[in-house]
Each structure stands twice: as structure tokens, then as C-alpha cells.
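The values are calculated or read from the model by the stated rules, or taken from the named source; none is laboratory data. Just so it is clear, the structure is predicted and the values come from calculations on it, not from any experiment. Positions of Cβ are generated from backbone atoms using ideal geometry, with glycine treated the same way; all protein chains shown enter the neighbour counts. Side chains are part of the model used for accessible areas, which takes the heavy atoms of the whole protein and leaves out ligands, DNA and RNA. Shrake-Rupley method; radii C 1.70, N 1.55, O 1.52, S 1.80 Å.
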Amino acid sequence: MKIISAVTEIREIIKEWKRNGLKVGLVPTMGYLHEGHLSLIKKAVSENDRVVVSIFVNPTQFGPNEDYETYPRDINKDSALCESAGADIIFHPEVSEMYPKGACTYVNMTGLTDALCGKSRPTHFQGVCTVVSKLFNITTPDNAYFGQKDAQQLAVIKRMVKDLNFDINITGCPIIREEDGLAKSSRNTYLNEEERKAALVLHSAITCGQSLVNDGERNASVVINRMKDIINAEPLAKIDYVEIVDMNTMESVSVIQGEILCAIAVYIGKTRLIDNFIANVG
Ligand code: AMP
């Protein structure tokens, strides 16, 4: 497995792969890899001849007061994990390689990016769409893999691929959790012992919401309020949002019908964590 930081170099290798008719999978990440990322990499390895994992903490998707500087990084550990999962290349560019001096072009989306995380993080999805478009253009994958953990991001990427005619198949992969239910996240490392316990409130709320919907509750406010009550009972937790939206439009629904996304963002101390469930109600 190789670690490559230059766009020209990775392009040459991938062109050669393509000349030989090999199918290429891409797994975009910000690194500090865990089992969630590894599930995507393993799926990519099982469905492609060659797999590229990008590791890039993308400054344009962080807001001014967010954790860009402190975001955890460990390229040595990540490269061992990628190798063991069967990846062929880690693409690990410097910020100046991805955004050379003078770069001023962005990919912007409307609608889908207004709700949920887009409301709390107004420049986030512009950064995500821009960097993912660049990674798609640099690595020209046949398949790219994203986690349902970031369900709005997955919906946004699928829409962008459709709208901008990227010839890439997007695969969503299920949320991987710790044994006690907390969704795996690189940001979980920010939590101290007390906060780690308090963070379980996200999973409790998600489980409760999911049970209510499974048991036939169709009033979105009833589900949302029950979930909020659970989160508010935890003193270290502060709700950013608890919402139920249409899976395709990301618009709030009052009646739970069709494919819906129930998504939450909660601060545990200073750490913002997200979780969700998807339901398909006939
Ligand atoms: P990140 O490094 O946090 O930007 O995540 C890179 C990719 O891994 C994204 O597509 C995430 O949705 C996915 N991912 C992160 N955490 C998980 C998880 N717990 N389960 C499944 N996928 C995940």
C-alpha cells in the first residue's frame, strides 16, 4: 500500500489501473480511522479491484469556531488500518495541494443543505461538496462509499452526483456502533469519562424514537418530544436539533410517512455528536 500526497502522482497510477480495465473504489475520510471507516473500506475492497482511501481534514467544511485545528490526526495508525483492510492507496494531500493559492471555486447546493446540520453549520456542505467533487475528479472512481452515520451528507452527495452527472455509483453503509450503542466517531476521543457515559443519551433517544415509529406512532412531534425529553434529562447534554425530515428533500414532516430520516445533533460538553435512524413507513 502506498501513501500519496500529490494529485499528479495518484492520477498517473489510477490512469494505469483504468487502462488495465480495473474497477476503482474510493472511500473519502478525514482520518483517525475506526471500525465505521473500516466497514466502508472493506465493502469497497469486496466490490472493486483497487481501493483508494482519502485522508484529508478538509478546512473548508469547518466553521470559524469549530474544531479544525484540534481534529484528531494519526496517519501512522491510519495507514496500518488501511493496509490491514486491503486498501491499495491512501491519498493524503496537504491543504495547499487541494486548495492552491488563489483557489476560489466552490460547489454549492440549495435546499437539501438548508436543514439539519446545514442550518447549524451554514458553510459545512459547501466545503463537503467541493472537496468530494475534487476527490471524484482526482481519483475518477467507479464506486464511492459513504456512511449513513452522516445521513444528510449521504443524501447531499447522491444528489450532487445526479445533478452534476458524475459517472460514479454511490453506496451508503450502515452505522457502526460501540458495544453500548454510541455511534463510532473520530470525535468520541474528545469525551472525558463522564461525558462518554452521558453520550449514551443519543443512542437512548434514537432507540426510543425508532421503537415509537415501529409501534405505529405517526405524529412526528410526539416522537421528537419524547426524544427531546430523554436528552434533556441528561445534564451534560444540550440539544442542537432533533428533527424528522423527508429522506429525499430533507424537509421537516409533521406526519411520518414514506421514507423518513430522524436525525439528532447534541452537544455533550463542548463535543457535538450526531446520530440518526431511517424508517420506511408504508
Ligand atoms: P469522517 O472521517 O468522519 O469524515 O467519515 C468518513 C466516512 O466514514 C463518512 O462517509 C462517514 O459517514 C463514515 N463514517 C463515520 N463514522 C461512521 C460510523 N460509525 N459508521 C459508518 N460509517 C461511518
Worksheet item: What about V131, is it touching a Leu at 6+ places or on another chain (Cβ under 6 Å) and assigned to a helix (DSSP H, G or I)?
Response: no
Of I10, I14, the only residue that is out of contact with any Phe, Trp or Tyr (no Cβ under 6 Å at 6 or more places or on another chain), within 21 Å of I170 (Cβ to Cβ) and among the aliphatic types (A, V, I, L, M) is I14
Reported set for the range 97-115 where residues are open to solvent by less than 80 Å² (accessible area, probe 1.4 Å) and of a type in the set (F, W, Y) is Y99
Sole miss for N108 among (1) over 23 Å from T171 (Cβ atoms); (2) more than 16 Å from the ligand (Cβ to nearest atom); (3) part of a helix (DSSP H, G or I) is condition (3)
Check on Y267, open to solvent by 60 Å² or more (accessible area, probe 1.4 Å), closer than 28 Å to T110 by Cβ and either outside any loop (DSSP other than H, G, I, E, B) or polar (S, T, N, Q) (or both): yes
Here the residues within the range 241-262 that are touching a residue at least 60 places away in the same chain (Cβ under 8 Å) and open to solvent by 10 Å² or more (accessible area, probe 1.4 Å) are Y241, E243, M247, N248, T249, E251, S252
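Every residue, every condition in (1) farther than 15 Å from V132 by Cα; (2) of a type in the set (D, E, K, R), yes or no:
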position	(1), (2)
W17	yes, no
V24	yes, no
T29	no, no
D49	yes, yes
S54	no, no
The lone condition N137 fails out of (1) within 15 Å of the ligand (Cβ to nearest atom); (2) under 15 Å from V27 (Cα atoms) is (1)
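If we only count helices (runs of 4 or more DSSP H) wholly inside the range 136-255, which ones have 1 or more residues that are acidic (D, E) and closer than 23 Å to E66 by Cβ?
Details: elements: 151-163, 193-198, 200-214, 220-232.
Correct list: 193-198.
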Consider I176 carefully, then state whether it is open to solvent by less than 60 Å² (accessible area, probe 1.4 Å) and within 16 Å of H203 (Cα to Cα).
yes
Q: Output yes when any residue across the range 141-156 is of a type in the set (V, I, T) and surrounded by fewer than 18 Cβ atoms within 10 Å (Cβ to Cβ), and no when none is.
A: no
Within the range 116-128, residues being away from the ligand (no atom under 15 Å from the Cβ) and either in a helix (DSSP H, G or I) or buried (at least 21 other Cβ atoms within 10 Å of the Cβ) (or both) number 4
Counting only residues that are farther than 22 Å from K238 by Cα and in contact with a Gly (Cβ under 7 Å, 6 or more places away or on another chain), the range 96-122 contains a total of 0
Residues of the range 45-70 being of a type in the set (A, V, I, L, M, F, W, C) and within 11 Å of the ligand (Cβ to nearest atom), in sequence order, are V53, I55, F56, V57
